[in-house]
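Novice: To start, I am sharing the structure in question, which I have written as structure tokens.
The values are calculated or read from the model by the stated rules, or taken from the named source; none is laboratory data. None of these values were measured; they are calculated from a predicted model. Backbone-built Cβ (ideal geometry, glycine too); neighbour counts: all protein chains shown. Calculation scope for accessible area: heavy atoms of the full protein, side chains included, ligands and nucleic acids excluded. Shrake-Rupley method; radii C 1.70, N 1.55, O 1.52, S 1.80 Å.
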Amino acid sequence: MQHLKQWISSLLVLASFNFLASCSHIAKKYDVKFPEQAVLVTTNPKPGDVSEWYVYKPFHAYINNKEIIVPDGMITDLSSVPVWFQGIPGFTNDAPYVLRPSLIHDWLYTYQGQVYYSDGAPFFISKDDADHILVDGMRALGATQTQIDAFYWAVHKFGQGKWDAHRVPH
């Protein structure tokens, strides 16, 4: 019975996202490329209970053809998918277009104001820019427009607390 309630709740949320996504589409703002896979290790040794990940080796990506490097040692929760979404295909961290963009997004949220391109140039961004980089990375990896719009809506509406928790003066 509990699984049925969770499934119905997931279906209603997905229907809401489909409606919202049909209202306005998030346009591409950044060219995001991922030349490699991320190497992550769980920080929780209990099987099936993976809420945080440790970046095992530096992760390279490109934003508007400038290299950025997420350093090894960073802790990430990736996309923080709410429990009611975890049963919906395409809205989990193991979806092929979610993990790498979520890693970059968490890095941008966590180290805002202390982020640099690999050439040493500072990379100052707004929350909205970080949110666009997430969905433009998803777009580059094949996410549908509905998935892009839904993820953008979720981080745009519910990510402010996490952004503020890491705010540093510029």
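Novice: Anything in region 110-120 that is open to solvent by 30 Å² or more (accessible area, probe 1.4 Å) and either among the hydrophobic types (A, V, I, L, M, F, W, C) or at pLDDT 80 or above (or both)? List them, or say none.
Specialist: Here is the first cut: in region 110-120, the residues open to solvent by 30 Å² or more (accessible area, probe 1.4 Å) are 110-111, 114, 116-120.
Correct list: Thr110, Tyr111, Tyr116, Tyr117, Ser118, Asp119, Gly120.
Novice: Here's another thing I want to ask about it. Mind counting the residues in region 131-146 that are assigned to a helix (DSSP H, G or I) and of a type in the set (S, T, N, Q)?
Specialist: Just the residues of region 131-146 that are assigned to a helix (DSSP H, G or I), to begin with: 131-140, 145-146.
Cutting the leftovers down to of a type in the set (S, T, N, Q) gives us 145-146.
Within region 131-146, residues that are assigned to a helix (DSSP H, G or I) and of a type in the set (S, T, N, Q) number 2.
Novice: Being open to solvent by 50 Å² or more (accessible area, probe 1.4 Å) and either touching a residue at least 24 places away in the same chain (Cβ under 8 Å) or of a type in the set (Ser, Thr, Tyr) (or both) is the filter here; which residues of region 151-170 pass it?
Specialist: Listed by number, the residues that qualify are Trp153, His156, Gln160, Lys162, His166, Arg167, Pro169, His170.
Novice: Could I ask something else about it? Would you pick out the residues in region 132-150 that are open to solvent by less than 20 Å² (accessible area, probe 1.4 Å) and either in contact with a Phe, Trp or Tyr (Cβ under 6 Å, 6 or more places away or on another chain) or basic (Lys, Arg) (or both)?
Specialist: Result: Ile133, Val135, Asp136, Met138, Ala143, Ala150.
Novice: State yes or no: is Asn44 surrounded by fewer than 15 Cβ atoms within 10 Å (Cβ to Cβ) and either aromatic (Phe, Trp, Tyr) or at pLDDT 90 or above (or both)?
Specialist: Answer is no for this residue.
Novice: Here is a further query. Val83 versus (1) open to solvent by 20 Å² or more (accessible area, probe 1.4 Å); (2) modelled with pLDDT of 85 or more; (3) aliphatic (A, V, I, L, M): which is the lone unmet condition?
Specialist: Looking at each condition in turn, Val83 falls short on (2).
Novice: Could you tell me whether region 90-109 includes any residue that is modelled with pLDDT of 60 or more, open to solvent by 60 Å² or more (accessible area, probe 1.4 Å) and in a loop (DSSP other than H, G, I, E, B)?
Specialist: Pass one, region 90-109, residues modelled with pLDDT of 60 or more: 90-109.
If we keep only those that are open to solvent by 60 Å² or more (accessible area, probe 1.4 Å) too, we end up with 94, 96.
From what's left, in a loop (DSSP other than H, G, I, E, B): 94, 96.
Within region 90-109, one or more residues are modelled with pLDDT of 60 or more, open to solvent by 60 Å² or more (accessible area, probe 1.4 Å) and in a loop (DSSP other than H, G, I, E, B).
Novice: Restricting attention to region 47-73, and to residues there that are of a type in the set (Phe, Trp, Tyr) and open to solvent by 70 Å² or more (accessible area, probe 1.4 Å), which single residue is modelled with the lowest pLDDT? Step through it out loud before you land on a result.
Specialist: So the first thing to find is which residues in region 47-73 are of a type in the set (Phe, Trp, Tyr), and the list is 53-54, 56, 59, 62.
Among the residues that remain, those that are also open to solvent by 70 Å² or more (accessible area, probe 1.4 Å) are: 54, 56, 62.
Numbers: Tyr54: 82, Tyr56: 89, Tyr62: 94.
Among them, the one singled out is Tyr54.
Novice: Looking only at region 110-130, which residues are among the aromatic types (Phe, Trp, Tyr) and in a loop (DSSP other than H, G, I, E, B)?
Specialist: So in region 110-130, the residues among the aromatic types (Phe, Trp, Tyr) come out as 111, 116-117, 123-124.
Those that are among the aromatic types (Phe, Trp, Tyr) and in a loop (DSSP other than H, G, I, E, B): Tyr111, Phe123, Phe124.
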